[in-house]
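Enquirer: Take a look at this one; I'll ask things after.
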Amino acid sequence: MSEILSVKPTALRVERSTFSPLFTLGGVIAVAAFFTLAPWILAASWVSILSNFFILVIMATMWNLLAGYAGMVSIGQQGFVGLGAYATLYLALKGMNPFVAIPFAALICGVIAIPITFLLLRLRGGYFSVATWVVADSAMLLILSVAYLGGGTGKYMPGLLSLSPTTLNHDVYLATWFGALVVLVGTYLLLRSRVGLLLSSMRDNEIAARSAGAKVTTTRRMIYVVAAIGCGVAGAVLAVSQPFVQPGNEFQLQFAAEMLFTSMIGGLGTIEGPILGSIIFFTLQQSLQNWGAWYLIIFGSLAVVVAIWQPRGLWGAIRDRFHVELLPVGYRVKEPRA
């Protein structure tokens with residue numbers, strides 16, 4: 001007589017996060033409310049620091065979108081930062097309010113990026129990275145040749161001299177904060193959409209993604225244009241925060257280094273990583289700025305240590321250890337509770 005063994009199937013649970021969506025939404029609303037009211041509850045020095053912090057968050061988020069999700073390592077995104085600043089200057093010279101010009105300047109950067117993608121996306125790896133640097137330097141040389149925009153000496157941003165220092169500081173901060181908020185929310189929604197799924201498949205195995213019908217080149221073109229628009233936002237708010245617009249200030253190669261550092265330290269391929277990396281960067285910057293050359297040595301040493309022992313970044317280590325995702329964009333499979 002044979003025995004029939006019945007095996008109870010194990011059901012797996014698929015979820016985005018261990019937190020309730022209402023908890024995440026409540027936290028986002030609380031943080032947004034605090035930063036919106038910051039100019040009226042914090043000292044002016046802290047408001048200025050937060051403005052620079054949000055500019056870095058915007059740039060790092062866009063660089064992470066390119067490298068961490070789409071696999072395009074760019075060292076030329078400072079080109080779109082500079083173009084965003086000069087697009088704002090141009091529109092202001094034509095009579096538009098500089099703060100109103102910010103979104104239009106960002107869109108101009110996106111339009112400029114479209115034809116550039118037809119050249120850059122034919123390249124891979126180091127060739128792509130070097131080409132992005134060439135594009136950035138070419139953009140700066142082009143701006144240098146335009147006398148209307150001040151050439152190499154730069155030009156003052158019109159429309160800001162009538163504002164008092166306190167009002168200007170507040171307006172610059174709010175423009176920077178809302179720019180960062182729009183970039184972060186837009187990136188989050190983009191990565192939770194079908195495009196985010198395509199990016200994940202491309203990052204894991206591009207050949208398999210192509211064979212499954214994914215439009216890899218089209219998706220990368222879209223991501224490059226989105227990153228250009230985001231960096232254009234950073235450049236636009238940078239231009240109004242430093243009313244004298246000059247090529248050497250807007251096209252700094254240091255911007256590329258800061259984007260790379262914050263994304264790598266915080267964690268590539270996560271939304272939280274660039275934010276955490278920017279917090280670490282500004283904390284070290286404010287603490288070590290009087291240490292001279294040691295300031296850069298400590299930064300470089302930290303980057304090397306993280307790259308060797310924690311290549312997924314600090315947020316990657318926190319996420320793997322505690323299974324925490326504040327802004328989840330993917331799914332996770334969990335066994336049912338006993």
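Enquirer: From the residues GLY125, ALA147, GLY84, which one has its Cα farthest along the dipole of the range 24-252 in the positive direction, the dipole being from +1 and -1 charges on Cβ of Lys/Arg and Asp/Glu about the Cα centre?
Expert: It is GLY125, whose Cα lies furthest towards the positive end.
Enquirer: How large is the dipole of the range 24-252 about the Cα centre if only Lys and Arg carry +1 and Asp and Glu carry -1, each at its Cβ, rounded to the nearest 20 debye?
Expert: Charge dipole, the range 24-252, about its Cα centre: 640 debye, nearest 20.
Enquirer: Using a Förster distance of 30 Å, how high is the FRET efficiency between LEU42 and TRP294, based on the Cβ-Cβ distance and rounded to 0.05?
Expert: For R0 = 30 Å, the calculated efficiency reads 0.55.
Enquirer: Run the helix sum for the chain: -39,500 (n - 2.57) per DSSP H stretch of 4+ residues, divided by residue count, reported at 222 nm to the nearest 500 deg cm²/dmol.
Expert: Result for the chain: -23000 deg cm²/dmol, rounded to the nearest 500.
Enquirer: If you don't mind, there's one more thing I want to ask. Angle between the Cα long axis of helix 125-144 and the longest principal axis of the chain, 0 to 90 degrees, nearest 10?
Expert: Value to nearest ten degrees: 20.
Enquirer: By how many degrees, 0 to 90 and rounded to 10, does the Cα axis of helix 165-192 deviate from the longest principal axis of the chain?
Expert: Approximately 30 degrees, to the nearest 10.
Enquirer: Can you list the HN-Hα couplings for the range 45-55, worked out from phi with the Karplus curve (6.51, -1.76, 1.60; θ = phi - 60°), rounded to whole Hz and with x for Gly and Pro?
Expert: 5, 5, 5, 5, 4, 5, 4, 5, 4, 5, 4
Enquirer: Could you list, bin by bin from short to long, the percent of Cα-Cα pairs of the range 173-293 in 5 Å steps?
Expert: The calculated distribution, bin by bin, is 2, 9, 14, 19, 21, 14, 9, 6, 4, 1, 0.
Enquirer: How large is the convex hull of the Cα atoms of the chain per residue, expressed in Å³ as a whole number?
Expert: Per-residue hull volume (Cα only) is 175 Å³.
Enquirer: Considering the options ILE49, SER201, VAL134, tell which one lies farthest towards the positive end of the dipole of the range 24-252, charges being +1 on Lys and Arg and -1 on Asp and Glu at the Cβ, about the Cα centre.
Expert: SER201
Each reported figure results from applying straightforward, stated rules to the coordinates on display, with no laboratory input. Since the structure is predicted, the reported quantities are computational estimates derived from the model, not experimental observations. So basically every Cβ, Gly included, is an ideal-geometry build from the backbone, and we count neighbours across all protein chains shown.
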